[in-house]
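Heads up: the structure comes next, in structure tokens.
Derivation of every value follows stated rules applied to the coordinates shown; laboratory data play no part. Not measured: the values here are computed from a predicted model. Positions of Cβ are generated from backbone atoms using ideal geometry, with glycine treated the same way; all protein chains shown enter the neighbour counts.
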């Protein structure tokens, strides 16, 4: 099932992430797909707030790092697969086990580049530009499985 949420502005994207963070559990993975500037990191910043990580405002794109770990009651492990070679090597050499057994939530930007390495029960979210509600509008498409059934209760629109 696909759940669509219209996001009007970056604040709405962060608000959606915060709602997601309140629902996610330890050991779960989220795969984010979207072009450059689609709002992936913005969504992760909101997700960090929802997880109550320490200093969520410090969330930034980890493109040139393997993983950014954000401590908190439910830690956030933020991975970027924009440069898939190094990420693939890390995951194939035990990094995936490390991430999933960390007791936190794993979020991967550009996840389509390493999709076959992620768990079958990954929550996939596509962030797409939308012309329906202005220049800063995005559409978030959630590919909902039983493990993430709470997604169906997300609002259809966020923002002004």
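Scanning region 22-44 for residues that are farther than 13 Å from residue 80 by Cα and buried (at least 24 other Cβ atoms within 10 Å of the Cβ) turns up 39, 43. Does region 125-143 include one or more residues that are in contact with a helix residue (DSSP H, G or I) (Cβ under 6 Å, 6 or more places away or on another chain), part of a loop (DSSP other than H, G, I, E, B), in contact (Cβ under 8 Å) with a residue 40 or more places away in the chain and surrounded by 14 or more Cβ atoms within 10 Å (Cβ to Cβ)? No: zero hits. Could we say that residue 102 is in contact with a helix residue (DSSP H, G or I) (Cβ under 6 Å, 6 or more places away or on another chain), over 22 Å from residue 146 (Cβ atoms) and in a loop (DSSP other than H, G, I, E, B) here? Answer is no for this residue.
For region 45-59, the candidate set comprises residues that are assigned to a helix (DSSP H, G or I) and in contact with a strand residue (DSSP E or B) (Cβ under 9 Å, 6 or more places away or on another chain); within that set, the residue that is surrounded by the fewest Cβ atoms within 10 Å (Cβ to Cβ) is 58.
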